[in-house]
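Visitor: Sharing a structure below in structure tokens format, with a few things to ask.
The values are calculated or read from the model by the stated rules, or taken from the named source; none is laboratory data. Being a predicted model, the structure only gives us computed values, none of them experimental. Cβ coordinates were reconstructed from backbone atoms using ideal geometry, including for glycine residues, and neighbour counts include every protein chain displayed. The area values use the complete protein model at the heavy-atom level, side chains included, leaving out ligands, DNA and RNA. Shrake-Rupley method; radii C 1.70, N 1.55, O 1.52, S 1.80 Å.
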Amino acid sequence: MPAPIATALPARVTVPVHSALPLSTDLPEEIDVSDVVADVSDDGVSAPSDETGELAAVVDRAAEHGIKLSIVVLDEDPGRDSQLRDLATEVGAEEGGTVLVLSPSWVGTYSDSISRVLLESGQDRTYTGDAVVSANHFVDEVIEPGPPWALFTAVIVAIVVIASAATFFAKSRRASGSKDGDAVKKGDGAAGAGTTYERQKP
């Protein structure tokens, strides 16, 4: 019986890790993404029944402004807040548009049309503990973004720093000029004293 033929790759050939190991998402426990997607496909909402009607109205309001929004509400916080974003990404991969996932304390988002900066700005307005209020705040922010407070703060800090530097520079020049003036006066006084002394010589 012939010996088995062994195949070896050249030493310089490597297999990328990402192709050898499948990428996995970190989803909240006991969440079936297919069930969530099925709920969302119906009216844009996957949430407890007592909140579905009001949240569907938020979805309709977003649609009036050209935003395809899906809202997912969890009864409990997952183990990590990042799991909400992973869930939003999974739902968004199936449904497209923008996905808002809410739990009692955290929020996660995904969108194929809204920038991450605007999404996170919207997230900052959703920590209310009330899913309907949070969803409305989120829609308000992505429809009409508020002032860029971080930019305003940076500009104000820069102005204060520049003003402080200018004041310090002005005071330094004034102090330097004052010292130079005192030196000139002392020099003039010494020269005058010498002239008087010479005149008193016999």
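Visitor: It is to be established whether one or more residues within the stretch 94-102 are open to solvent by 30 Å² or more (accessible area, probe 1.4 Å) and of a type in the set (Gly, Ala, Ser).
Guide: no
Visitor: Right, another one. Check Val40, Val59 and return the single one that is touching a helix residue (DSSP H, G or I) at 6+ places or on another chain (Cβ under 6 Å) and closer than 16 Å to Ala135 by Cβ.
Guide: Val40
Visitor: Do you know which residues across the stretch 73-89 are over 12 Å from Pro104 (Cα atoms) and either open to solvent by less than 20 Å² (accessible area, probe 1.4 Å) or out of contact with any Leu (no Cβ under 7 Å at 6 or more places or on another chain) (or both)?
Guide: Once the filter is applied, which keeps residues that are over 12 Å from Pro104 (Cα atoms) and either open to solvent by less than 20 Å² (accessible area, probe 1.4 Å) or out of contact with any Leu (no Cβ under 7 Å at 6 or more places or on another chain) (or both), the stretch 73-89 yields Gly79, Arg80, Ser82, Gln83, Arg85, Leu87, Ala88, Thr89.
Visitor: Just the residues that are closer than 21 Å to Pro48 by Cβ and among the aliphatic types (A, V, I, L, M), please, taken from the stretch 88-106.
Guide: Listed by number, the residues that qualify are Ala88, Val91, Val99, Leu100, Val101, Leu102.
Visitor: Starting from residues that are part of a loop (DSSP other than H, G, I, E, B) and loosely packed, with under 11 Cβ neighbours inside 10 Å, keep the ones in the stretch 130-163 and report whichever is modelled with the lowest pLDDT.
Guide: Per the stated criteria, the residue is Pro147.
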